[in-house]
Amino acid sequence: MRKRIELFDIAVYLIVSVICMVMLYPLLNVAAVSISSHTAYMQNPMRIWPSDITFDAYKDILSHPVLARSYLNTIMITISGVAIGIFLYIITAYPLSKVHLKGRAIMINLVIFTMLFNGGLIPNFYLIRSLGMVDTLAALVFPTLFSAFSLILMINFMQNIPEELEEAAKIDGASEPYILFKIVVPLSMPIIATLTLFAAVGYWNSFFSAIIYIRSVENWPLMLFLREVIEGAKMLQISAGGNNAEIGNMNVMPETLKYATIMIVILPILSVYPFLQRYFVKGIMLGSVKG
Amino acid sequence: MKLKKAIACVGAAVLLVAVTACGDKGGPAEIDDPKPTSGAAGETAKPKVNMTIMGEFASSNLSETDKLLVQSIEEATNTAIKFDIPPSTGYTERLQLSLTTGDLADVVWFPSPDDASFLKAVKDGVIIPIDEYLNEADNIQNYSYDISWDALRVNGDDKVYGIPRTTVIRSDGYWFRKDWLDKLNIQIPDNNEITFDQMLDIMTKFSKEDPDGNGKHDTYGYGWAAQPDKSIRPVFQNELGLYGWQESDGGEYKYMNPQYDLNSDKYTKALELTAKLFKEGVIDPDGPTLDGGKVLEQFQSGKTGVIDGFAGHYETFLNAGKQINPEFELAYVFVKNEQGEMKGLGQGTGLWGFWAVTSSASDPQRVVDVFDYMLSDEGWDSIYTGIEGHDYKVENNQRVYSATPLETFVRKNMVRRANDFMFFINPAMSEELKQKLVPNIEKAVKRIVMSKDRNYTPAIAKTPPYLDFNKKFSEVTTKIIIGDAQSSEYKEVLQDWNTKFGQTYLKEMNDYIDQIENKK
């Protein structure tokens, strides 16, 4: 039987289409301007269709000495942060998922405590400085390596794995590490995928810790570079107040170059996100309801 | 096998972090290995001093000309200078962190003597007074404005807490689209000065008579922007005689700013005019949402025909405009006030930020000496013209400059000489062009009427209730300009302000100005 299209359906489609357009417009605008000439941009900055197509902006920004280095830094930070973080989540969540573990409640409360209270910026800076990590990529990896929220998600997920599987393995003579890595980890792939995505996006987008801990341009992550490209000149203009002479003395990057930088920076996440976004939704639901 | 692979992967990641953690920390901004000294007499006898300068510049990397300049300063002053240049988007955070944690450079840049973190650092002894070190710093003394020193005496102890990064105090004129003027057969006098009525007439023609000839009504007379705090202010204050704090013509207070004067209509007239121009589409209707950069874009792309600007930017603006429209031409024009006088408001204290010596400085005298050297004839020549062999060559006893150096991030932004407006003129510029531009800059310097407040903020204006109330001024100003309120509503807010805060504010400001004026 053919389903009747109701007025409500049309309204839903219309609203969703409008919301989609609102979301897509900035992206299309950035993409179109990034491959348009500067003159074309000046004639119509709000364009969503390129005009006078040129890839000069990409050529210029790709030859920027800081871009390649910051790209590499972000890749290194993301890979190492995600790998170490996931490993730590696994080895921490597994014992804490055992209800019979002595001291489990205290440990979990200590973890929850860090969700509510933390030392703050200054003590963290002292800590990182004492560890000799200032101006190293390690300062961008370790402070955000472990999230209490993610750990609780993983604990909850592991608690749902049937105890009988582990008992059967034990009867067959499996050791705890064997059970963890051969049975529990393969069964925990959905939560591992979700937390990997959370952590990867977090590392990819982070810039503030770099402002605080990094001194040399060689160690800038990609997002700090992007922020400088987009907002740097504006900040200097604010510093200059209304002084026209000093404002004109600044190195203002053409908009097409800024837009090309945005495209280059978001491209990797944009490419993988459609395939992984379901894990985001799943991640929030995982372990939240126990039945 | 999979377990081994997983452990191997994590191991590799740890190794990766370890390698990066122990990696080379050296940045190109550092000049750690200066050449042996052979600098100015007297300096070589002093032991070598290391110092770190933390500042906000357009690039965190030193350019080639920056490096050469720093090298020349190091040689002349027997120092090893390292730059710490945080990203400009995070300068404030880094500065505050440094002041709080004591992780300080020898000298740090602050945007203004009013900066709360600076004032706290002075109180805490993190920033030290430099009076005793200035005794031998003749160049700094000679090439700073007197009013800058007053601004840097912030602790009530009559001591100076910073080295000025001077700017040239001016009141700039306007850039006009000359090709539009030509199309509309409008002549500008040879002295580049027009009356305010002529200005209004030209702007109206630019917005109504299709100066770009595209057959569309898509141009505006004047391009303007919101303030950095997103508020908007009436336009053409110079021309309407609004020169900030001046001696009043009578009344309760000796000094008064028409903006706060219940008995003056000057400010409300300015609001009315801006509202009228806004309504008629003579000024860019997008102005309230734009910043300075966007205003320039609107001008270069042919949406607006007039913007205010610095005369020394002729080449930059012209080239950018011509890329979009080959017919783009520029004229620089001054507009007389309603009384026919060539006057313009000179604001501030001659500071474009300043350098503060910290308690961590190993040798504060040498820090001051470095800045003094930069302002000496030898140092200034390097700052202005660059370094021989890179920025220019000497042929037949004449300097032949290389192509316009664009990357003078540090070189041209460390110090300035008061009133030396030639600094803004590219040394490679042709004599003909110099003759064209210099008189305009000179005029912008000479026509200033200084506001007597010197950027002073009375204590009451820093209190939360005052700051809350201040939003009412922004609100009513915006409403009047965009036509949602009558200009009389400004006076109502002003009356309210006067009752709640005004008397204290005006008294404090008058006391301050009196004290400064009596010092003269």
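Quick note: the coordinates plus some simple rules give every number you see, no bench work behind them. Because the structure is predicted, anything quoted here is derived from the model rather than measured. Positions of Cβ are backbone-derived with ideal geometry, glycine not excepted, and every protein chain shown enters the neighbour counts.
Quick rundown of the values:
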| read-out | value |
| --- | --- |
| Debye, to nearest 20: dipole size of region B:240-344, +1 on Lys, Arg Cβ, -1 on Asp, Glu Cβ | 100 |
| In degrees, nearest ten, helix B:266-280 long axis to first principal axis of chain B (Cα) | 80 |
| Column: log10 I(q)/I(0), Debye, Cα scatterers of chain B, q = 0.07, 0.08, 0.09, 0.10 Å⁻¹ | -0.48, -0.63, -0.78, -0.95 |
| Fully extended contour minus Cα-Cα distance, from B:K123 to B:D496, at 0.36 nm per residue | 130.8 nm |
| A:T256, B:T457, B:T499 arranged by Cβ crowding within 10 Å, fewest neighbours leading | B:T499, B:T457, A:T256 |
| Principal-axis tilt of helix A:255-285 within chain A, Cα atoms, nearest 10 degrees | 20 |
| As computed over region A:60-285, the Cα convex hull volume per residue (Å³) | 167 |
| Only Lys, Arg (+1) and Asp, Glu (-1) charged, at Cβ; region B:81-155 dipole about Cα centre in debye | 280 |
| Stretch in chain A that is longest and holds no chymotrypsin sites (Phe, Trp or Tyr not before Pro) that DSSP places in a loop and that have at most 14 other beta carbons within 10 Å | A:118-291 |
| For region B:106-118, Karplus couplings with θ = phi - 60° (6.51, -1.76, 1.60), whole Hz, Gly/Pro x | 5, 9, 10, 9, 10, x, 7, x, 7, 4, 4, 5, 5 |
| Helical mean residue ellipticity (222 nm; -39500 (n - 2.57) per DSSP H run of 4+; nearest 500) of chain B | -12000 deg cm²/dmol |
| Tilt relative to chain A, helix A:7-34 - C-alpha long axis, 0 to 90 degrees, to 10 | 60 |
| For region B:143-159, 3J(HN,Hα) per residue [Karplus equation, 6.51 cos²θ - 1.76 cosθ + 1.60, θ = phi - 60°, Hz, x = Gly/Pro] | 10, 10, 6, 4, 5, 5, 5, 4, 5, 8, 8, 10, 10, x, 10, 6, 9 |
| MRE, 222 nm, helices only [DSSP H, n ≥ 4, -39500 (n - 2.57), over chain A, to nearest 500] | -22000 deg cm²/dmol |
| Within chain B, longest stretch clear of exposed GluC sites (Glu not before Pro) (DSSP loop, no more than 14 other Cβ within 10 Å) | B:342-520 |
| Built amide H within the under 5 Å cut-off of B:T304, gap 5+ | B:Y220, B:F299 |
| Residues B:D210, B:D468 arranged by fewest to most Cβ contacts within 10 Å | B:D468, B:D210 |
| Per-residue average of Cβ from other chains inside 10 Å of A:80-92 | 4 |
| Per-residue HN-Hα couplings for region A:193-204 [Karplus 6.51, -1.76, 1.60; θ = phi - 60°; Hz; x = Gly/Pro] | 4, 5, 5, 4, 5, 3, 5, 4, 5, x, 5, 4 |
| Loop chymotrypsin sites (Phe, Trp or Tyr not before Pro), region B:116-214, which have at most 13 other Cβ atoms in a 10 Å radius of their Cβ (DSSP) | none |
| Positive-end extreme of charge dipole, chain B - chosen from B:G502, B:I85, B:F354 (charges on Cβ) | B:I85 |
| Principal axis box of region A:1-136, alpha-carbon based, largest edge first, Å | 66, 61, 27 |
| Trypsin sites (Lys or Arg not before Pro) restricted to DSSP loop in region A:74-105 with at most 10 other C-beta within 10 Å | A:K102 |
| Kirkwood Rh (inverse of mean 1/r, distinct Cα pairs), region B:261-376, angstrom | 19.0 |
| Residue pairs, from the table B:K123/B:K343; A:K258/B:K336; A:K258/B:K303, whose Cα atoms sit over 31 Å apart | B:K123/B:K343; A:K258/B:K336 |
| Size of electric dipole in chain B: Cβ of Lys, Arg +1 and of Asp, Glu -1, about Cα centre, debye, nearest 20 | 1200 |
| Among A:I79, A:T196, A:N109 - extreme Cα towards positive end, dipole of region A:60-285, charges at beta-carbon | A:N109 |
| Debye equation applied to the C-alpha atoms of region A:7-54, log10 I(q)/I(0) at 0.17, 0.22 Å⁻¹ | -0.54, -0.68 |
| Hits among lysines - C-alpha to C-alpha of A:K102 under 23 Å, sequence gap 8 or more where chains match | A:K170, A:K290 |
| Counting all C-alpha pairs of the protein assembly as shown, share separated by more than 54 Å (%) | 22 |
| Long-range amide H partners of B:T52 with built H, under 5 Å | B:K82, B:D106, B:V107 |
| Among B:S171, B:G292, B:Y456 the positive-end extreme of the charge dipole of the protein assembly as shown (Cβ point charges) | B:G292 |
